[in-house]
Structure formats: structure tokens, C-alpha cells
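Read the structure below first, then the notes.
The values are calculated or read from the model by the stated rules, or taken from the named source; none is laboratory data. Just so it is clear, the model here is predicted, and its values are computed rather than measured. Here Cβ is always computed from backbone atoms with ideal geometry, including for glycine, and neighbour counts include all displayed protein chains.
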Amino acid sequence: MEATAGPDETGPAIVRARELHKSFDGTPVLQGLSLDVAEGELVSLIGPSGCGKSTFLRCLNLLEIPDRGTVSVAGISVQRTGGRWGRGDEEQAHRLRRGVGMVFQGFNLFAHRTVLDNIMLAPRVVQRLPREPARARAMALLDKVGLSDVADRYPATLSGGQQQRAAIARALACEPRVMLYDEPTSALDPELTDEVLAVMRQLDRDGMTQIVVTHEMRFARAASDRIAFMQQGRIVEIAEPASLFANPAHADTRRFLKHFL
Amino acid sequence: MRWLPALCCCLLLAMPAAAEPLRWGADAQSGAPYVFHDPAEPSRLTGFETDIIEAVAHRLGRGPVMVQNDWDGLIPGLQRGLYDAAIDGIEITPEHRQAVDFSIPYFRTFEQIVVRRDQAGLDSLAALRGHVVGTLKASLADRILQGEPAIAVRTYDEETNAYSDLALHRLDAVLLDWPIALYYAAPDTRLKLVGAPVGDLAYGIAFARGQDALRGQVDQALRDMQQDGSLRRILQRWNLASPQAVGPGLGITVPSSAWQHYLAATAPIPGLADRLRRYASFLPLIARAAGLTLVVSACAMVLAVVLGLILAVTRRYGPRPLAFLAMLYVEIVRGTPLLIQILFIFYGLPGLGIRLDPFLAGVVALGLNYGAYEAENYRAGLQSVPLGQVEAAVALNMTQMQAVRHVVVPQAFRLVVPVMTNDFISLLKDSSLVSVITLTELSSTYVRLSTTYFDYLGTGLLIGAAYLLLGLPFVHLARLAERRLARGVGEARR
């Protein structure tokens, strides 16, 4: 009795999650969750805390290993049937992550490196890019997120908004096809959230596929192509923002949205 | 000129015997008059046993080469083959005979009672009952005293300590081998030698079991030296030709020049200038010892840092069996004394076919030991790096090893640098333990100099200063590194 989330008309699905199950110490957190996201889409995941939206997001790049179900990104699939996570699985996860960038609530910038080095590290280490091209790419990304002037500073000296924009630039440095955001503005002062959201809107305009776990209802409503409402490890309802906010199909969705409107 | 080729042949035939040196072991810190460094010229080896073994080597046509070893390690060193023979006041006793073979005695003597000048009556074992008597640990005198239940015995590592405790009224008497009493107590105006000889003992040159050919040659040389009076002349030069030592004489007498030289060199120096000149003469010795201390410590620290990092990473990120082995290693090494580990590696491992030279054994022992402590240090550092840092690295598609190497270890390193500095300074001091495996570093140089000159204060200050000078640059370097590594985090706190 679940809302199946099919790809919309904008293009073929680049992210597919099928029947994901995950429990922590016997407590089910994801209970057969499925979602398809089309290339270029921006999908927001909303729902009460503890509904499993962060866990679901982390399953999409296998930071969290689902117990059962299938995750595909850009044609690379990892299928789980409840067995041990082996070396072959890890290698497949590695291939899958190539197409995914992630941004965390707490930024998680590398404290011992400058902003520029933070952005250059993965291209240098993972993609084995030589120093100069990696640097050029990093500088271009810093320019894009408006941080060219702080390239040589250490993360701890930046504002939260600057740090999160640097984290977005870092995630983009390996040229992912999908970006995941785990409550990207929850740790920020209200006046700093807009600069981060502006970057995400810009990426949306550039055609990036983005999946955002958020409590920012105004952003979700204004920027999302679709919004998924989650509860107890399932997607209860998924729809375009206008119809979800104006006319929620589910009583729980209505009750949840009432808090924000 | 027809005889020239024949002469050359003779010389060539004589050559092989001279080529192989006679390696002899002794502890130059065990003091006068046995084998010790000339107080007037600290880099020169002297002593009546040095003279005897050099004369013996000469008679065997072999060049003598002295190998320094801790006195307690002399017999194990023979068994390990560090040298061919050991000579250092080693008493011919049934206990020693169980471990090594002896030459014929080259010197016979007795135990001598020494008391303070103002004391009277304490001139026999019977008279010493009810009193406190000092002697050297595990010596024949010690065994004689232990046989007298009414005597309270205090044992010492250094004879000078026993005699100074006697002068300071901490002891009522000291019982020690007569040559020791002659060289350390007789020149001291606060003390006097009293009573008849107690017991008798014989010193022999010790060999590892099975060295019968060499032992036979040495015995023959010693007998020849007794016959022609050269042994007696050596003892006379050292003022040691007592009737017990040499038996009926041959009527030859040479002046006790070595004894006079010793008295002159160790006489208390009244003037400050002379005193400073003497300290200046120590400096080359101290510099050489400090160099060894530094090189051993630095090499050991490099080993410890690398090993510690491998252990800590294995323990935290490795597969379970390896992580368990790493933990086991740390627990075993931390749970056993460093001294035992050094002795085990140097004297024990050859039993398994692993022979390390003293320097390498010292570096390996210290490095393996400190590696365990560094591992614990790094483990704490690794644990303190927030989990989010690894998650971010994995999300960027780094492998676990790449994340550890580029993200976790550099951040952990910054946290452990202050502790590492501490450890290095502590290692610098612990390196004194390698003196038990024949390495003459700073601490053993202190023992040597202070016991030679009865000067614990001045030489102590010199050696202490040497340790401080060695440690200071590293403290400074570590502060610099700390500041460099703390960039970013440090700035945020400001």
C-alpha cells in the first residue's frame, strides 16, 4: 500500500531504489522503500525525524549498507539479499559511488587541509589527476560557489555557509552525476542558509540531479521537481510541490505539512 | 742476498698467527686495579689484568682487542662468542666452573677488612658480629659474610659506594678483595685496612666450554710468565705482589710505578683550575658517548614511529586476526621490562639463530619496545578523529586505506606530536640500558668516570648537562612541528 515513485516525463531514471530494507539492532528503519529519480530532477525528502530519510539517502551511495533491495545509480547496481558484505560488494559500491557526490549536515570538511586542498584531494587521490588540472578544476568550482577569495584558508576559519558551499564544491570535484544532501542547511544560522540554497538552485538550472533531505519547506516547495513525504521507513506520498502542498492525498502528509504552513 | 727470500718465507709463515687478534672481554667500569681507564688519560685502557692479558696475547703472537661488556654479562658474552676470553677479577669458584672453563690462576689474594680510622677492635670476622658490613653483590666476600648470621650485610654494585658509606657512618666495616681495598680504601685518609687475611681466592681467565686448545696455550703462557718472573714484575708495578699473589720470589724487584701513577692521578685536586682542566679532559669521552646515545635513540625512535603506526592502524582497521596479533604484541611488550627485552634480544635470540651486533640489538630492542607505546599513543589519536571525516572521504569514493592515509592519520598525528616528544626524551634516557650489551653510552660513561675519580657530583652535572643538551633541540623541534600541524584548528580557537 505504498506510493510507487515512477520517473517523470523529464527523462530516464538515473537513480533507482527498489524495495530497500534496513534495520538497526532489530529496529526496522527502512521498510521496502522504492524511488526512481530522473536525470536533472531535484527531489526533496521530507518527513518527521526518525522516519528514515537520512538512512535512505545514505543507502543511495552505500554509506549505509541496506539489508535487502537494490540501489542503482547511472547504470551501476548493488543488489542485497541479506548476506555478508564482501570484497566484491565493496568494489561494486566503489564503482557506484563514482557517480555520486554527498553533502553533510555538519560539512565534514577535512580540518587539516585548506579549502583548495579539500577540493583537490579526491581528484588527486581517487581519480589520480595531476596537480595542475586538479587545481584548475578546484579553482573553477570555488569560483562557481563564490569562494575564490578563501581558497587558501582553513575550514575552521570560515562561516558555516562558506563551509557548506566549500563542501558542495568538494563533492562536485569528482564530477558526479547525482548529488545527495543530508539536511544541508540545518546547522546554519537562518541568514546563511540562502547562500547555500542559491548554489543548489544554480546546480539545478545546470541540469544536476539532486536529492535533498530537508526541513526547509519553502526551498522544497520552490525548487523541487517532486517532494516525497516519508514516514516509518516508507514513502507515503510523492508529488509535485504544488499538488502536495495544495492537496495532500494522505492524512499524515496533511498533518505534517500543517506544522510548516 | 740469497738469504732474503728465506727470511721472507719465515715472516710469511709467522704472519697467520699474528693476523687473528685475541678478543678479550672485560668491564672497564668495574674499577681499579683490574681493567680500567687511566684516570690521567681517560681514553687509555690500563690495569694489572690488562697488562697480563696483553702479555699473554703477545706470547701467543696475537694482537689483543678489548671488548667492553657489563660485568654481569661477561660470562653470557663468552657463551655468545663476543670474545675469546674474559678477564676481570673473575673468581675461580664451583659456581663459575659450571658455566665456563678457567685457565690456571694468574693471581691469588684474600678478603680485606676496612674500617674507619677512628675505629678499634673490628679486625676479624668474629669481631664484626653484631655490626653492619658492606660488600659487593654476589662476590666471594658476600658469601663469606652471609655465612655469619650475626652480621648484617649490605651489598653494593660499586665498591666506591661501599667505602663512601663506611666513611659516612652508614656501615661499620667493608669486606672486599684485597686489591680493591688497596686501591679504593688505602688512599682514603678516613679509612684503614685492618686484621688478618680472610679466606682466599684465585682469579682465572675464563673461556667458553670447548675452547681447550686456546686454554692450553694461555695456561702455557701463564706458566712461562711465572717462570721468567714477568708476571711478578707486572704485579710489582701495580703494588700487588703480596706473598699470596706470587708465592716464593725470584729476588727481582721493580718499582710500583703503576700504583704511584694511579695515586697521583686520583689524588684529590685542590685547585678549581685543575679541577676544570680534568673535566675538560672528560669532554671527548662524553661527546663520543653522547653521540652514541643520540644515534641509538634516533634510530630506535624512527623504528618505533613506523612500527607504532603500523600496529595502531592494523589494530583499528585491520582484519580481526591481525588486529588481535597487534593487540597481543602491545600487551606483551608493555607488560615486560625493557632490560629483559634487551638481554633477550642480544643473548637470547642467538639461540634461535638470530645474531645481532650490539648496536643493532640495542636499536631493535628500544624500537620494538617504544613501538608498543607509540601504537597506543596513535590509537588514541586515531580514535579522536571524528567519524564524519572518514564518511566524507568514503563519500568522495576513497577506499578505507586512502581515507586512513590522507584524512585520518594526518589529523591524528597532530594530536600525538606532544606525546611523541615526551616519549623520545624518555627514550633518550632509557637508552642507558643498552650499556648492558657492551655499548658505552652516556650513563655508563658517568659510572666509569665517577667511580674512577670518586667524583659523583662534578661528573654527574656534566653528564646531566649532556642529556639536557641532547633533549632540548627535540623539544624545540616538536614545538615547531606542533605549531605547523595545528594550523587551521588552532586558528579557529583564536
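Okay, residues lined up against (1) more than 14 Å from chain B (Cβ to nearest Cβ); (2) part of a strand (DSSP E or B):
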{"position": "A:T55", "(1), (2)": "no, no"}
{"position": "A:L63", "(1), (2)": "no, no"}
{"position": "A:P66", "(1), (2)": "yes, no"}
{"position": "A:T70", "(1), (2)": "yes, yes"}
Q | Residues being free of Cβ contacts under 8 Å to residues at least 24 places away in the same chain and facing chain B (nearest Cβ under 10 Å) - total across the range A:122-145 | A | 2
Q.
Of all residues being over 24 Å from A:I211 (Cα atoms) and more than 9 Å from chain B (Cβ to nearest Cβ) in the range A:104-119, which is surrounded by the fewest Cβ atoms within 10 Å (Cβ to Cβ)? Just the residue, please.
A. A:D117
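For the condition surrounded by 15 or more Cβ atoms within 10 Å (Cβ to Cβ), among the small types (G, A, S) and outside any helix (DSSP H, G or I), what is the one hit in B:G134, B:G130? Please lay out each step first, then the result.
Details: B:G130 fails: surrounded by 15 or more Cβ atoms within 10 Å (Cβ to Cβ).
Of the residues listed, the single one that is surrounded by 15 or more Cβ atoms within 10 Å (Cβ to Cβ), among the small types (G, A, S) and outside any helix (DSSP H, G or I) is B:G134.
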Q. Here is a list of conditions, (1) within 14 Å of chain B (Cβ to nearest Cβ); (2) part of a loop (DSSP other than H, G, I, E, B), and A:H94 meets all of them except one; can you say which number that is?
A. (2)
Q | Total residues in the range B:447-480, condition crowded, with 16+ Cβ neighbours inside 10 Å, within 23 Å of B:V296 (Cα to Cα) and not polar (S, T, N, Q) | A | 11
Q | Enumeration of residues in the range A:186-231 that are out of contact with any Pro (no Cβ under 6 Å at 6 or more places or on another chain) and part of a strand (DSSP E or B) | A | A:T209, A:Q210, A:I211, A:V212, A:V213, A:R226, A:A228, A:F229, A:M230, A:Q231
Q: State which residue pairs qualify: first residue touching a residue at least 60 places away in the same chain (Cβ under 8 Å) and inside the range B:391-418, second residue of a type in the set (D, E) in any location, beta carbons under 8 Å apart, and separation of 6 or more residues or different chains.
A: B:R414/B:E482; B:V417/B:E482; B:P418/B:E482
Q. For the subset of the range B:353-405 comprising residues that are more than 14 Å from chain A (Cβ to nearest Cβ) and of a type in the set (K, R), which member is surrounded by the fewest Cβ atoms within 10 Å (Cβ to Cβ)?
A. B:R355
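Yes/no per residue for (1) at pLDDT 90 or above; (2) touching a Lys or Arg at 6+ places or on another chain (Cβ under 9 Å):
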position	(1), (2)
B:I90	yes, no
B:I104	yes, yes
B:F110	yes, no
B:H131	yes, no
B:L140	no, no
B:G147	no, no
B:R154	yes, yes
B:E159	no, no
B:H169	yes, yes
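Going through B:Q119, B:Q112 one at a time, which residue ends up being part of a loop (DSSP other than H, G, I, E, B) and surrounded by 15 or more Cβ atoms within 10 Å (Cβ to Cβ)? Talk me through it step by step, then tell me what you get.
On the way: B:Q112 fails: part of a loop (DSSP other than H, G, I, E, B).
Checking each option against the conditions leaves just B:Q119.
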(Q) Being buried (at least 19 other Cβ atoms within 10 Å of the Cβ), in contact with an Asp or Glu (Cβ under 9 Å, 6 or more places away or on another chain) and within 19 Å of B:M420 (Cβ to Cβ) is the requirement here; does B:L311 meet it? (A) yes
Q: Restrict the check to the range B:26-39 and report whether at least one residue is assigned to a loop (DSSP other than H, G, I, E, B), touching a residue at least 24 places away in the same chain (Cβ under 8 Å) and on the phi > 0 side of the Ramachandran plot.
A: no
Q. A:L172 versus (1) more than 13 Å from chain B (Cβ to nearest Cβ); (2) surrounded by 15 or more Cβ atoms within 10 Å (Cβ to Cβ): which is the lone unmet condition?
A. (1)
Q) Within the range A:178-202, which residues are closer than 16 Å to A:G40 by Cβ, away from every other protein chain (no Cβ under 13 Å) and crowded, with 18+ Cβ neighbours inside 10 Å? A) A:M200
(Q) Between B:L231, B:L175, which is part of a helix (DSSP H, G or I) and either touching a Cys at 6+ places or on another chain (Cβ under 6 Å) or surrounded by 18 or more Cβ atoms within 10 Å (Cβ to Cβ) (or both)? (A) B:L231
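For every residue, the table says whether it meets (1) out of contact with any helix residue (DSSP H, G or I) (no Cβ under 6 Å at 6 or more places or on another chain); (2) at pLDDT below 85.
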{"position": "B:Q236", "(1), (2)": "yes, no"}
{"position": "B:V246", "(1), (2)": "no, yes"}
{"position": "B:A264", "(1), (2)": "yes, yes"}
{"position": "B:A267", "(1), (2)": "yes, yes"}
{"position": "B:P270", "(1), (2)": "yes, yes"}
Q) Going through the range B:40-75 one residue at a time, which ones are free of Cβ contacts under 8 Å to residues at least 60 places away in the same chain, over 20 Å from B:S444 (Cβ atoms) and either assigned to a loop (DSSP other than H, G, I, E, B) or of a type in the set (V, I, T) (or both)? A) B:G61, B:R62, B:G63
**Q.** Residues that are touching a Leu at 6+ places or on another chain (Cβ under 7 Å) and polar (S, T, N, Q), drawn from the range A:90-145
**A.** A:N118
(Q) Can you tell me how many residues within the range A:160-174 are at pLDDT 95 or above and either touching a Cys at 6+ places or on another chain (Cβ under 8 Å) or assigned to a loop (DSSP other than H, G, I, E, B) (or both)? (A) 1
Q) For the range A:146-159, how many residues are touching a residue at least 40 places away in the same chain (Cβ under 8 Å) and either outside any loop (DSSP other than H, G, I, E, B) or touching a His at 6+ places or on another chain (Cβ under 9 Å) (or both)? A) 3
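Is it the case, given these coordinates, that A:L42 is in contact with an Asp or Glu (Cβ under 9 Å, 6 or more places away or on another chain) and either touching a residue at least 40 places away in the same chain (Cβ under 8 Å) or closer than 30 Å to A:R255 by Cβ (or both)? Let's see the steps before the verdict.
Numbers: in contact with an Asp or Glu (Cβ under 9 Å, 6 or more places away or on another chain): yes; either touching a residue at least 40 places away in the same chain (Cβ under 8 Å) or closer than 30 Å to A:R255 by Cβ (or both): yes.
For A:L42, the condition - in contact with an Asp or Glu (Cβ under 9 Å, 6 or more places away or on another chain) and either touching a residue at least 40 places away in the same chain (Cβ under 8 Å) or closer than 30 Å to A:R255 by Cβ (or both) - is met.
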Q | Residue among A:S148, A:S159 that is surrounded by fewer than 17 Cβ atoms within 10 Å (Cβ to Cβ), hydroxyl-bearing (S, T, Y) and within 14 Å of chain B (Cβ to nearest Cβ) | A | A:S159
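Regarding B:V218, is this residue more than 26 Å from the chain's Cα centre (by Cα) and under 25 Å from B:Y83 (Cβ atoms)? Outline the logic, then answer.
Values: more than 26 Å from the chain's Cα centre (by Cα): yes; under 25 Å from B:Y83 (Cβ atoms): yes.
So B:V218 passes the test.
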Q: Looking at (1) touching a strand residue (DSSP E or B) at 6+ places or on another chain (Cβ under 6 Å); (2) over 16 Å from A:L141 (Cβ atoms), find the lone condition where A:A171 falls short.
A: (2)
